[in-house]
């Protein structure tokens with residue numbers, strides 16, 4: 001949970017308007033799997049955004065989990081990417097926590113990277129990233 005610290009950004013929109021955004025992401029530092037077995041990478045994402053401006057704001061929050069993207073074989077590249085889009089009225093706050101799972105089944109033995117991110121887009125921006133490793137090894 002130590003790595004599940006939220007990045008907090010305060011963006012100055014004008015001389016009198018402020019908005020707050022925070023994002024967080026967590027993935028296990030090491031996931032172990034056996035070759036030719038079905039396993040999953042589990043990821044937790046969260047965000048909070050507040051509209052302290054006097055205008056309606058459009059926001060998108062995207063969650064990405066990428067597995068083994070550095071391997072030379074494109075067949076091993078796995079990823080899941082989803083986004084939430086919404087409109088915030090002045091004074092409104094929205095937050096959510098999401099969980100994803102990325103299924104894989106690899107015939108090799110070795111290590112590869114797990115990269116995760118939560119990113120807010122709109123009149124404010126916030127990015128949280130995390131990393132882990134996948135170890136595929138016979139048991």
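The numbers here are math on the coordinates, done by the rules we state, and not lab data. Quantities reported herein were computed from a predicted structural model and do not represent experimental measurements. So basically every Cβ, Gly included, is an ideal-geometry build from the backbone, and we count neighbours across all protein chains shown.
Structure data summary
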{"read-out": "Taking 49, 25 and counting other C-beta atoms within 10 Å, the order from fewest to most", "value": "49, 25"}
{"read-out": "Per-peptide average of other Cβ atoms within 10 Å, ordering 57-63, 129-135, 88-94 highest first", "value": "57-63, 129-135, 88-94"}
{"read-out": "Taking the chain and dividing mean pair separation by its residue count, relative contact order in percent (alpha carbons under 8 Å, at least six apart)", "value": "33"}
{"read-out": "Simple label model, 7 Å out from Cα along Cβ direction - residue 111 to residue 84, nm", "value": "3.4"}
